[in-house]
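Novice: My structure is below; once you've seen it, I'll send some questions.
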Amino acid sequence: MADTVFYKQAPAKTIAEIAEIAHAEIITSGKEKEQIENVCSIETAGATDICFFYDKKNKALAEKIKAKACITTKELQHIVPDGVIILVCENPKLAFINLVDAFYQEYRPKSKIEASAHIAASAKVGKDCYIGHNVVIEEEVVIGDNCVIEANVVISRGCQIGNNCRIANNASIAYCLMGNDCYVYTGARIGQDGFGFSVVDGRHKRIPQIGRVIIGNDVEVGANTCIDRGALDDTIIGDGTRIDNLVQVAHNNKIGRCCILVSQTGIAGSCTLGDYVVCGGQVGLADHLNIGSGVQIGAQSGVMRDIDAGAIVMGTPTVPFKDFMRQVAFLQKNSKK
């Protein structure tokens, strides 16, 4: 159950309403008007709550269900305890998302510009926006409608932010064109200098970084993540991509649509990732690599060569996942001799 200090909770809902929201079928007949107050985990759900049960690998969890109702799958419904109202759906994870959204919402500040915010005269702020304390919005910035810009954010000259975006506190955005429905989390740094130097007369001379960061629609950028602007070409983040906390995306990278970059991933400059690429935690990519669409890279892997579309790889240097597991098995077996 969510803490109502942090989230607004909707009124109780009937089983019939929940079935509609979750796209679920009510298996236990005659219970359509029963009321549910909260969405909870199996471990904490009680007599007025609903829980979810869809883990085939942990069927023993069913014994712990004390909830009034449970959303599960056809395959698992027979092991839900007697007395629990059963709803069945094809995609319980999606049902969970929809139902939590229906029951709980984050508090959103009302449209307002705080007195301590500094907005340049040439900047344009759309309708129904909240601009927080000590925000700095520089010259020629354009911010769309229905945006939330939290405390201490700095949006540098010329940036464009689309509609329905949220920029969390202490983030900074420069040299950036951002689409709609984006969420930039606390402390993220977008559009900073790329790490480019050339040795001249025995010293590292900075290479000017004159590109931009282009962020598509429906992108999330995690807390304390850094996305550098391009040197000549732009750094691009495709629509629907999710970037976790503490990720480094270097200059000139081209990240495709709906990619997942898990925390502490580091991508060196001028890499191209296709669509739906997944990088596990602490993955590192060398520069100028091409990673095909649908590639999955296991955690703590080091990528030093191009990867063909659809491949699943792991290790340093990366190899196909099955080869990696054979290597591990070989080392475990032979290290005991």
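The values are calculated or read from the model by the stated rules, or taken from the named source; none is laboratory data. What you see is a predicted model, and the numbers here were worked out from it, not measured in a lab. Methodologically, a virtual Cβ is constructed for each residue, glycine included, from the backbone with ideal geometry; neighbour enumeration extends over all protein chains shown.
Novice: Within region 99-142, which residues are among the hydroxyl-bearing types (S, T, Y), over 30 Å from L87 (Cα atoms) and surrounded by 15 or more Cβ atoms within 10 Å (Cβ to Cβ)?
Specialist: Y130
Novice: Any residue at all in region 104-116 that's of a type in the set (D, E) and in contact with a His (Cβ under 7 Å, 6 or more places away or on another chain)?
Specialist: There is at least one residue in region 104-116 that is of a type in the set (D, E) and in contact with a His (Cβ under 7 Å, 6 or more places away or on another chain).
Yes/no per residue for (1) at pLDDT below 95; (2) over 16 Å from R242 (Cα atoms):
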| residue | (1), (2) |
| --- | --- |
| C271 | no, yes |
| V283 | no, no |
| I291 | no, yes |
| M304 | no, yes |
| I312 | no, yes |
| F330 | yes, yes |
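Novice: Now, a different point. Examine region 313-323 for a residue that is hydroxyl-bearing (S, T, Y), closer than 21 Å to S172 by Cα and either assigned by TED's automatic domain parsing to the domain that holds V219 or in contact with a helix residue (DSSP H, G or I) (Cβ under 8 Å, 6 or more places away or on another chain) (or both), and state whether such a residue exists.
Specialist: As a first pass, look at region 313-323 and keep what is hydroxyl-bearing (S, T, Y): 316, 318.
If we keep only those that are closer than 21 Å to S172 by Cα as well, we get none.
No; the residues of region 313-323 include none that is hydroxyl-bearing (S, T, Y), closer than 21 Å to S172 by Cα and either assigned by TED's automatic domain parsing to the domain that holds V219 or in contact with a helix residue (DSSP H, G or I) (Cβ under 8 Å, 6 or more places away or on another chain) (or both).
Novice: State which residue is surrounded by the fewest Cβ atoms within 10 Å (Cβ to Cβ) when the search covers only region 73-98 and only residues that are farther than 11 Å from A22 by Cβ and in contact with a helix residue (DSSP H, G or I) (Cβ under 8 Å, 6 or more places away or on another chain).
Specialist: E75
Novice: Right, here's the next one. Name every residue in region 251-271 that is out of contact with any Ser or Thr (no Cβ under 8 Å at 6 or more places or on another chain) and either farther than 23 Å from Q209 by Cβ or surrounded by fewer than 20 Cβ atoms within 10 Å (Cβ to Cβ) (or both), in order of residue number.
Specialist: Of region 251-271, the ones out of contact with any Ser or Thr (no Cβ under 8 Å at 6 or more places or on another chain) are 262-271.
Within region 251-271, V262, S263, Q264, G266, A268, S270 qualify.
Novice: To continue, here is another question. Name the residue, out of K68, K56, that is surrounded by fewer than 19 Cβ atoms within 10 Å (Cβ to Cβ) and either touching a strand residue (DSSP E or B) at 6+ places or on another chain (Cβ under 6 Å) or of a type in the set (K, R) (or both).
Specialist: On the way: K68 fails: surrounded by fewer than 19 Cβ atoms within 10 Å (Cβ to Cβ).
Testing whether each residue is surrounded by fewer than 19 Cβ atoms within 10 Å (Cβ to Cβ) and either touching a strand residue (DSSP E or B) at 6+ places or on another chain (Cβ under 6 Å) or of a type in the set (K, R) (or both) leaves just K56.
Novice: Within the group G191, G158, which residue is at pLDDT 95 or above and in a strand (DSSP E or B)?
Specialist: On the way: G158 fails: in a strand (DSSP E or B).
Result: G191 is the single residue among G191, G158 that is at pLDDT 95 or above and in a strand (DSSP E or B).
Novice: Which of the following residues is without any contact (Cβ under 8 Å) to a residue 12 or more places away in the chain, among the charged types (D, E, K, R) and over 14 Å from H23 (Cβ atoms): D55, D101, D49? If you could, list the steps in order and put the result at the bottom.
Specialist: On the way: D101 fails: over 14 Å from H23 (Cβ atoms); D49 fails: without any contact (Cβ under 8 Å) to a residue 12 or more places away in the chain.
When all the criteria are applied, what remains is D55.
Novice: Six or more apart or on different chains, Cβ under 6 Å: which pairs go from a residue in region 323-337 that's within 26 Å of A311 (Cβ to Cβ) and among the aromatic types (F, W, Y) to one that's at pLDDT 90 or above and surrounded by 12 or more Cβ atoms within 10 Å (Cβ to Cβ)? Could you list them?
Specialist: These pairs meet every condition: F324/M314; F324/G315.
Novice: Tell me, which residue of region 156-177 that is in contact (Cβ under 8 Å) with a residue 24 or more places away in the chain and closer than 22 Å to K112 by Cβ is surrounded by the most Cβ atoms within 10 Å (Cβ to Cβ)?
Specialist: For region 156-177, the residue satisfying everything is C159.
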